[in-house]
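The values are calculated or read from the model by the stated rules, or taken from the named source; none is laboratory data. Just so you know, these numbers come straight off a predicted model, no measurement behind them. Backbone-built Cβ (ideal geometry, glycine too); neighbour counts: all protein chains shown. Areas reflect the complete protein model, heavy atoms only, side chains present, ligands, DNA and RNA absent. Shrake-Rupley method; radii C 1.70, N 1.55, O 1.52, S 1.80 Å.
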Amino acid sequence: PSRGLGDVYKRQVFGSHSDKELKRISKTVDKIEALDESMQKLSDEELRHKTVEFKERLANGETLDDLLPEAYATVREASSRAIGLKHYRVQLIGGIILHQGRIAEMRTGEGKTLVSTLPAYLNALEEKGVHIVTVNDYLATRDAEWMGKVHNFLGLTVGVVTNDMENDERREAYNCDITYITNNELGFDYLRDNMVIEKEDLVQRDLHYAIVDEVDSVLIDEARTPLIISGESGKSTELYRACDILARQMERGSSDGELSKMDILMNEDIEEDGDFLVNEKDKQIMLTADGVKKVEKFFHIENLADPENLAIQHNIILALRAHNLMFKDKDYVVKDDEVLIVDEFTGRIMPGRRYSDGLHQAIEAKEHVKVKRESKTLATITFQNFFNKYKKKAGMTRTALTEEKEFRDIYGMDVVEIPTNRPVIRVDHEDAVYMTKKEKFNAVVQSVKEAHEKQQPVLVGTITIENSELISRMLKREGIPHNVLNAKFHELEAEIVAQAGQAGAVTIATNMAGRGTDIMLGGNAEYLSLIHISEPTRRSYIS
C-alpha cells in the first residue's frame, strides 16, 4: 500500500523506524570495528581458542549480548582468514538485527549469506543448536560448505540436511552446532519426530534459534501452506477412472454460477446451460440439473443426493476440477509416468508432495498415468505454526517492509531496513504497460533481441511454465540461443542461473527459479565446470 503524505512527513521530521534502530545499534558496531586491530594480531590458534573462552564466560554468568562485540569481531577476522571475506559495517548491523530476533531487509548482492555467520556463531555458543533455513537443497549445501569454513575455523561443527538423507545422517546433522536446511525438510522432520514411539528415533533437538533466508517467501507467502504426512488408505481407485471418463463427456456451461449484486436486486436466477459451471475465481465446480441427470444415468442411480452416493458426488466434482481448473505445465507436470506438483510460489517441482482429498488421483486419471491409492492424513502443520515454536527466530530478505504488519502481528518480529554498503548506481525504470498479452511478449522479445546484439546478458522472469515456453518459442523463431529454466528442468537450476551473467547469455526462468543463486557478470567460475556437460544431456534444457 502507498504511504500517505502524513507518513512521509513524519519520516522526514522524526526519522523512520529503521533510522532510529540503526542509530541505536551504531555504538555496538563501533565497538566491533574497534576490536579489528587486536584480532588481526592473534594467531590462528589464539583466534580459535576464543570459542572456548566465550563458552566459559557464558557458563560464568555473562550473556550473549555481553559477548556480542567480541564474538562478532572474532567471526569477522576468522572469515577474512578462512574464505577471504571481511564483513562490512552494514553487514555487522544486519548481524546484530538477526541476533535480536528481527528481520533484516538487505538489498540483493549485499551479502546476506555472510551476515548470517555472525548471529549463527554467537548463538551456537549456547550449544543448543542453530538452524539456518534456506529455500532449496542447493543453497543449503552451498552455504554449509562455503560459510561452514568460517565456523570450522573457529572450532564449531556444521551440518546440512537434504532431501535424500537417511535418519541417522539427519540426526548427526541436527546435533551439529549449526545446521543448514530447507524449510520443507525442517517441517517434515518435526512431523516425523512427533510420530515416533521411541525417544532414540528422534532426529531433531529442541527448536532453539532459526535464521530464515528469504523470510517473506517462507513466513508470509507459504505461511498457510500445510505440511502433510500421509499414509495409504484402502479405497479402490476405479471410481477415479470412471469419473474421468464421464467428465470428458460433460459440457461446460457459459455462466460462472455467481449472481451479481444487480441480479440479486432484480430477483434474477442463474440461467444454467451445459452440465456444469466453473467459477475460476473461487476454484469451484457446480453441477447443473442436466449434469446431475447425466451422472445419475452414467452410474445407474436414482438420486445423486442420497447419502450413499456422496463418494460419486465428490469424485465427479474432483474429475471436473482436474479437467477445468488444474493445468498441465502450470499447476503440475507429468514426468516418468508420474504427476508432480509445481510449487506456485517458487515454480519448482515438489517431489513426494501430493494434492489431498483425492484431487491428485483425479489428475492422474486425467493424464492416463497409474492412479495411486488415496492417502489419509497422519500428521500436519503449517509453516506459521511451526516457526512460532522456536524460542527465537530471525530473517533476511530483500522484500520485507511491505509485509511488516503481518510479521509483527503473526510472529512478533519487526523489520529493519539496512542501508547498502555503497550508494546504488543501478537505474530502475518505470514499468511499461501494454494493452494485450501479444503486444507485451513482442516487446519482451524485441528488448531481448536488442540486448543480445550488444552481447548484454539477459534474464527473463516469467510467472508460469506456459509463459516461459511461449517466450522460448518466440526467441527460437528469431534465432536467439537461450536457456529455459522451469519446473520441467529443475535439476540444473542453480548451474543454469549461475551462468546467466555470461556475455550474450539469454536465460528464461520462472519467477522464483534459482532464487538465492549468485549471478556474476562474465559468468560464475564456481559453475563453469558443471555447465560444460555432454551434448545429449545439454539438449534436455537448452532450446
Report summary line: Computed for the stretch 277-343: size of charge dipole around the Cα centre, +1 on C-beta of each Lys and Arg, -1 on C-beta of each Asp and Glu, debye to nearest 20, value 260
Report task. Give me the orientation-averaged projected area of the Cα convex hull of the stretch 409-493, in nm², one decimal. Result -> 10.0
Report task. Could you tell me the accessible area of Asp164 in Å² (1.4 Å probe, neighbours in place), rounded to the nearest ten? Result -> 120
Query raised in the report: In whole Å and largest first, what semi-axes does the C-alpha gyration tensor of the stretch 38-94 yield when each eigenvalue is scaled by 5 and square-rooted?
Result: 20, 15, 7
Query raised in the report: Do any GluC sites (Glu not before Pro) in the stretch 151-215 lie in a loop, going by DSSP, with at most 12 other beta-carbon atoms within 10 Å of their beta carbon, and if so which?
Result: Glu166, Glu198
Query - For the stretch 294-413, size of Cβ-based charge dipole, Lys and Arg +1, Asp and Glu -1, in debye - result: 660
Query raised in the report: Taking the Cα centre of the stretch 102-180 as the origin, how large is its charge dipole in debye, to the nearest 20, when only Lys and Arg (+1) and Asp and Glu (-1) carry charge on their Cβ atoms?
Result: 360
Query raised in the report: Which whole-angstrom value gives the distance between the alpha carbon centres of the stretch 422-464 and the stretch 384-410?
Result: 32
Query raised in the report: What share of all Cα pairs of the stretch 159-203, in percent, falls into each consecutive 10 Å distance bin?
Result: 29, 61, 10
Query raised in the report: Once amide H atoms are built 1.01 Å from N in the peptide plane, which residues 5 or more positions from Ile349, or in another chain, come under 5 Å H to H?
Result: Asp343
Query - Solvent-accessible area of Thr382 with every protein chain in place, 1.4 Å probe, in Å² to the nearest 10 - result: 20
Requested in this report: Using only the alpha-carbon atoms of the stretch 326-470, report the extent along each of the three principal axes, biggest first, to the nearest angstrom.
Outcome: 56, 46, 29
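Around Arg422, under 14 Å between beta carbons, what's the net of Lys plus Arg minus Asp minus Glu among the other residues?
+2
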Query raised in the report: Which of Lys41/Lys128; Lys283/Lys438; Lys149/Lys391; Lys297/Lys366 have a Cα-Cα distance over 24 Å?
Result: Lys41/Lys128; Lys283/Lys438; Lys149/Lys391
Report summary line: With every protein chain in place, the accessible area of Thr179 for a 1.4 Å probe, in Å² rounded to the nearest 10, comes to 0
**Report entry** Dipole of the stretch 147-257, positive end: most advanced residue of Cys243, Thr162, Thr225 [Cβ charges, Cα centre]
**Finding:** Cys243
Query - the stretch 360-438: C-alpha pair distances exceeding 20 Å, % - result: 67
Query raised in the report: Amide H neighbours of Val506 under 5 Å, counting only residues 5+ apart in sequence or on other chains, H built in-plane at 1.01 Å?
Result: Val458, Asn483
Report task. Pop out the Kirkwood hydrodynamic radius of the stretch 1-156 from its pairwise C-alpha distances, inverse of mean 1/r, in Å to one decimal. Result -> 16.8
Report summary line: One computes Rg over Rh for the stretch 100-181 from alpha-carbon atoms, with the Kirkwood Rh, and obtains 0.96
Query raised in the report: Quick one: net charge of Ile97's neighbours, Cβ under 12 Å, K/R +1, D/E -1?
Result: -1
